[in-house]
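Working notes for the structure below.
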Amino acid sequence: MVTTDIFREMALSFPGTEEAPHFDRAAFKVIKKRTFATLHEPSHTANIKLNEVDQSVFCEFDAKAVYPVPNKWGLQGWTTFELGKVPRELLLDALNTAYNDVVKKK
């Protein structure tokens, strides 16, 4: 099971990543670039920014554990991961995908 502390550690392991408050969440962003993930500790969930194709692939894991954020943010690729229901490797892969998308954008 992935705890919020483990998620935070994974998100911060990417080069040039910083944590900052974002409303009721912690945001993880590439310095001087965009946010690629947020963490909501009370609900043990994380939202990760994916492109449309990657979002559909990750959601195939389990629709009750990985699903688009249920509003316009979900249509933009923001995807909820329930930390207690997904393996560490899947979360790390999703974080890596999101991080690389942010780093590649100009």
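Readers should treat all values here as calculations from the given coordinates under stated rules, not as data from a laboratory. Just so you know, these numbers come straight off a predicted model, no measurement behind them. FYI the Cβ positions are ideal-geometry reconstructions off the backbone, even for glycines, and counts take in every protein chain you see.
Name the chymotrypsin sites (Phe, Trp or Tyr not before Pro) in the stretch 1-44 that are in a loop by DSSP and that have at most 12 other C-beta atoms within 10 Å, would you?
Details: sites: F7, F23, F28, F36; in loops: F23.
Here the sparse-neighbourhood loop sites are F23.
At a 10 Å Cβ-Cβ cut-off, how would you order H40, H22, fewest neighbours first?
Sorted ascending by nearby Cβ count, the order is H22, H40.
Would you calculate a helix-derived [θ] at 222 nm for the chain, using -39,500 (n - 2.57) for each DSSP H run of n ≥ 4 and dividing by the full residue count, to the nearest 500?
Calculated at 222 nm, the ellipticity per residue is -10500 deg cm²/dmol.
What is the count of Lys pairs in the stretch 27-106 whose alpha carbons sit under 27 Å apart, if the two are 8 or more places apart or on different chains?
Close lysine pairs found across the stretch 27-106: 29.
What's the long-distance tail for the chain, i.e. % of Cα pairs beyond 20 Å?
29
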